Amino acid sequence: MQILLNGERFATDASNLDELCAKLGFAEAKVATAVNGSFVAAAKRSATHLAEADEIEIVAPRQGG
Amino acid sequence: MFELYGKSFTSRMLLGTAQYASPDILRQAVKAAGAEIVTVSLRRESARARTGQGFWSLIEELGCRVLPNTAGCHTAKEAIATAQMARELFGTSWVKLEVIANDDTLQPDLFGLVEAATVLCAEGFDVLPYTTEDLSAADRLLAAGCTVLMPWASPIGSARGLINKTALRSMRAYFPDTPLIVDAGIGTPSHAAEAMELGYDAVLLNTAVAKAGDPIKMAKAFAQAIEAGRLAFEAGLVEPRDMASPSTPVAGTPFFKIDHAS
């Protein structure tokens, strides 16, 4: 399945968002997620199924002004 | 002391965490500023670099209250989703709400800003909106539930200072009881002092410190200017006048004659 991960095409067989985060090594990481422009809380990642062409954002703290 | 969303602060200098040459310089600049609130953002995390994880450790170490921004968002929808991610990520309901109108001026999109603020306030966020001096937008933001307003001094990163001082003065007079923070465009400590002399409650800046030759020394300079400006406001400034008014007593001036013509 092809998805758009942080703006780039990405192939994955993860069936849900939680699985995708784990495969990327973010299971214990300080990250937040969104799918197709909407925020998905950490507790809802496993219930969030992924589909072809989904747009996934995985973000972390960064410097800001 | 001043209050923002029920929290008291001593320092009236809010400092951004971006653009420093190194994490250590950032750490020292925050310390030199005596800042109690620092702004942060969130960005896409790479599975390889994991940049954000290290930055989070640094932020925790600073021990400041974090104010996450929604920098780079151009629509209310983007800003709302970014704020929601930030709330979970940073564990705070505070958000510096930015909805940007265009990339050249980084001017706030006031329509999108009000739209996003309305949704976020209803969701329990403590919204600190990055806005302009526009009083009607300010009224809408307060009606939406914001209890703090953050008008720009000039475009973000421009270092131009208070380019519409009259409007900022009007805003202060129009909202005497609302905490007002000048955010963006501050270039020099004198700009910051000027904002404080107008009666603004605090100043938020980043570039002027981070990109200074010596950011640590500049952080200290800003802290002192902000404190001086606040003291001056509290002390009460004299009114400017067009004609001279001698400061030395006139009475008793030697050789003084009533009629100089004689």
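The values are calculated or read from the model by the stated rules, or taken from the named source; none is laboratory data. Remember, predicted model here, so these are calculated numbers, not experimental data. Using ideal geometry, Cβ is built from the backbone for each residue, glycine included, and neighbour counts are taken over all protein chains shown.
If you go through the range B:148-166 one residue at a time, do you hit one that is within 14 Å of another protein chain (Cβ to nearest Cβ), over 12 Å from the mean Cα position of the chain (by Cα), within 23 Å of B:CYS73 (Cα to Cα) and of a type in the set (A, V, I, L, M)?
Checked the range B:148-166: at least one residue is within 14 Å of another protein chain (Cβ to nearest Cβ), over 12 Å from the mean Cα position of the chain (by Cα), within 23 Å of B:CYS73 (Cα to Cα) and of a type in the set (A, V, I, L, M).
From the list B:PRO189, B:PRO129, B:PRO179, B:PRO215, which one is modelled with pLDDT of 95 or more, in contact with a strand residue (DSSP E or B) (Cβ under 7 Å, 6 or more places away or on another chain) and closer than 23 Å to B:ALA18 by Cβ?
Only one candidate qualifies: B:PRO129.
Only one of B:VAL38, B:VAL66 is among the β-branched types (Val, Ile, Thr), out of contact with any Pro (no Cβ under 7 Å at 6 or more places or on another chain) and farther than 24 Å from A:GLU57 by Cα. Can you tell me which?
Of B:VAL38, B:VAL66, the one residue that is among the β-branched types (Val, Ile, Thr), out of contact with any Pro (no Cβ under 7 Å at 6 or more places or on another chain) and farther than 24 Å from A:GLU57 by Cα is B:VAL38.
Considering each of B:LEU106, B:LEU42 in turn, give the residue that is within 12 Å of chain A (Cβ to nearest Cβ), of a type outside the set (Gly, Ala, Ser), in contact (Cβ under 8 Å) with a residue 40 or more places away in the chain and out of contact with any helix residue (DSSP H, G or I) (no Cβ under 6 Å at 6 or more places or on another chain).
Only one candidate qualifies: B:LEU106.
When only residues in the range B:124-147 that are acidic (Asp, Glu) and in contact (Cβ under 8 Å) with a residue 24 or more places away in the chain count, which is surrounded by the most Cβ atoms within 10 Å (Cβ to Cβ)?
B:GLU133
Taking the condition of being among the polar types (S, T, N, Q) and within 12 Å of chain A (Cβ to nearest Cβ), how many residues in the range B:5-39 meet it?
Residues that pass the stated criteria total 4.
Do we have B:VAL203 as within 14 Å of chain A (Cβ to nearest Cβ) and either under 36 Å from the mean Cα position of the chain (by Cα) or closer than 20 Å to B:ARG27 by Cβ (or both) here?
yes
Do we find that B:GLU61 is within 27 Å of B:ASP201 (Cα to Cα) and charged (D, E, K, R) in this structure?
yes
Would you mind finding the one in A:SER46, A:SER38 that is surrounded by fewer than 19 Cβ atoms within 10 Å (Cβ to Cβ), touching a Leu at 6+ places or on another chain (Cβ under 9 Å), modelled with pLDDT of 95 or more and closer than 25 Å to B:ILE80 by Cβ?
Unique residue meeting the criteria: A:SER46.
Among the residues of the range B:65-103, which ones are more than 9 Å from chain A (Cβ to nearest Cβ) and more than 17 Å from the chain's Cα centre (by Cα)?
If the condition is that a residue be more than 9 Å from chain A (Cβ to nearest Cβ) and more than 17 Å from the chain's Cα centre (by Cα), then B:GLY72, B:CYS73, B:HIS74, B:THR75, B:ALA76, B:ALA79, B:GLY91, B:THR92, B:SER93, B:ALA101, B:ASN102, B:ASP103 are the ones that fit.
In the range A:1-35, which residues are within 10 Å of another protein chain (Cβ to nearest Cβ) and surrounded by fewer than 13 Cβ atoms within 10 Å (Cβ to Cβ)?
Within the range A:1-35, A:GLY7, A:GLU8, A:GLY25, A:GLU28 meet the criteria.
Could you list, in sequence order, the residues of the range A:36-48 that are among the small types (Gly, Ala, Ser) and more than 7 Å from chain B (Cβ to nearest Cβ)?
Correct list: A:ALA43, A:SER46, A:ALA47.
Within the range B:178-187, does at least one residue satisfy the condition of being at positive phi and without any contact (Cβ under 8 Å) to a residue 40 or more places away in the chain?
Scanning the range B:178-187, I find at least one residue that is at positive phi and without any contact (Cβ under 8 Å) to a residue 40 or more places away in the chain, so the answer is yes.
Checking B:CYS121 against (1) part of a helix (DSSP H, G or I); (2) more than 22 Å from B:GLU78 (Cα to Cα): exactly one of these is not met. Which one?
(2)
With the condition being surrounded by 21 or more Cβ atoms within 10 Å (Cβ to Cβ), I'd like the helices (runs of 4 or more DSSP H) fully within the range B:148-233 carrying at least 3 qualifying residues.
Output list reads B:189-197, B:207-210.
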